[in-house]
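Since the structure comes first, as structure tokens, the remarks are kept for the end.
Values in this text are rule-based calculations from the coordinates and carry no lab data. Small disclaimer: the values here were computed from a predicted structure and weren't measured. Don't worry about glycine lacking a Cβ; one is built from the backbone with ideal geometry, like all the others, and counts go over all protein chains shown.
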Amino acid sequence: MPELPEVETVVRGLRTVLPGRRILNVRLGKTDFIEDPAALESQLPGGRIVAVRRHGKFIVVELDSENGRRQATSLLIHLGMTGQLVTCPTETRILPHTHVFFGLDDGRELRYTDIRRFGQMRILANGAHESVLGGLGLDPLEASEQEFSARIRARSAHIKALLLDQHVLRGMGNIYTDESLWRARIHPRRLGAKLSDAEVHKLYRVMRQVLNEAIRLGGSSISDYVDADGQPGEFQIWHRAYGREGKKCSRCGKTIQRIIVAGRSSYFCPGCQRASRKIRRKRTPR
């Protein structure tokens, strides 16, 4: 599933071409992932795109009010597991599983392709996305270290679960959580409330480092993800924990292992990311 760096990469790409463009028409294929298909077809044509931004893993496309003749609206998009959002000339070959076409006034189209259709798309009155998404947590790239520390230490839960919880930090996912914990040398089953000041400081620093590096390299293309121009990311080349079960740790040479934490596969190095004594005792048969 696209995480914060992938969504941010798509948003930055769209931001270079969409603001100022007017939507001329909307064509739909399969619509089971769209909350109100008729609203998209009737309310978006004629709207001028004024901004594109990211909120966690959501893409928010804001449109104007057409000189007051219509209500300002926002298009809220979640890419799900396999969603792709690209701009291209109208004559570009249509890929299979392309379900939404937004015709633009510059002769291009904004196309949404989704093989599994686990994404989401809905239209909202401008500003309503704040109430819809208001329950999400802090943005990892905007939160201060003090805010981050307070959220991590507020609950006695595994640090992996806390980082994945969208009500704690919006936008984090399995890839960048595993990579951050590996860099910070923290076991995924350590309790957030039990981390030392030094460990929280290091985790905050390396998490932001990992996210910014991933954005700079266009995200991680594990399966279907591409940016707004249809190009894959490159950060997967630099993964040191995620998906590397059975391979040697590049730092200490121990074998990367996989366990389940918070219902998700978690990749870590048992040499660099030592479990607490309590965790080790639970895993040792009597």
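Per DSSP H run of n ≥ 4, the term is -39500 (n - 2.57); total these for the chain, divide by its residue number, and report the mean residue ellipticity at 222 nm rounded to 500 deg cm²/dmol.
My calculation for the chain gives -8000 deg cm²/dmol from helical runs alone.
Subtract the Cα-Cα distance of LYS194 and ARG27 from 0.36 nm times their separation in residues, and report this length gain in nm to one decimal.
Taking 0.36 nm per residue and subtracting the Cα distance, the gain is 54.9 nm.
Please sort by residue number the chymotrypsin sites (Phe, Trp or Tyr not before Pro) in the stretch 133-240 whose DSSP state is loop and whose Cβ has at most 11 other Cβ atoms within 10 Å. Present the calculation step by step, with values, prior to reporting the outcome.
Numbers: sites: PHE148, TYR176, TRP182, TYR204, TYR225, PHE235, TRP238; in loops: TYR225.
Answer by residue number: there is no such site.
Which one of GLY233, TYR204, GLY103 has its Cα pushed farthest toward the positive end of the charge dipole of the chain, where Lys and Arg give +1 and Asp and Glu give -1 at the Cβ?
It is TYR204.
Would you tally the net charge around GLU213, using a Cβ to Cβ cut-off of less than 11 Å, leaving GLU213 out, and scoring K and R as +1, D and E as -1?
Net charge around GLU213: +1.
Expressed as an acute angle from 0 to 90° and rounded to the nearest 10, what is the orientation of the C-alpha long axis of helix 4-15 relative to the principal long axis of the chain?
For 4-15 against the chain, the angle is about 20 degrees.
In this model, which of LYS57/LYS254; LYS160/LYS202; LYS30/LYS160; LYS160/LYS248 are farther than 27 Å apart at the alpha-carbon?
The answer is LYS57/LYS254; LYS30/LYS160.
If I take every Cα pair under 8 Å that is 6 or more residues apart in the chain, average their sequence separation and divide by the length, what percent do I get for the relative contact order?
18
Pop the C-beta distance of ALA38 and MET81 into the FRET formula with R0 = 35 Å and round what comes out to the nearest 0.05.
0.85
Grab the other residues whose beta carbon is less than 11 angstrom from that of TYR176, score K and R as +1, D and E as -1, and report the net.
That sum, taken over residues with Cβ under 11 Å, equals -3.
Mind pulling the angle between the C-alpha long axis of helix 197-216 and the longest principal axis of the chain? Nearest 10 degrees, somewhere in 0 to 90.
Roughly 40 degrees between the two axes.
Determine the gain in length on full extension of the stretch SER276-VAL50; use 0.36 nm per residue of separation and subtract their C-alpha separation, reporting nm with one decimal.
Full extension of this stretch gives 76.3 nm more.
Work out the P(r) tail for the stretch 4-133: percent of alpha carbon pairs separated by more than 17 Å, whole number.
The proportion of pairs with Cα distances above 17 Å equals 55 percent.
Where q = 0.10, 0.15 Å⁻¹, what log10 of I(q)/I(0) comes from the Debye formula for the chain, counting one point per Cα?
Log10 of I(q)/I(0), two decimals: -0.58, -1.09.
I need the fraction of alpha carbon pairs in the stretch 145-240 separated by more than 19 Å, rounded to a whole percent.
Everything past 19 Å amounts to 40 percent.
Using unit Cβ charges (K, R positive; D, E negative) and no other charged atoms, how large, in debye to the nearest 20, is the dipole of the chain about its Cα centre?
Approximately 2340 debye in magnitude.
If you check each cysteine of the chain for another cysteine whose beta-carbon is under 4.7 Å away, which ones come up empty?
Unpaired cysteines in the chain: CYS88, CYS252.
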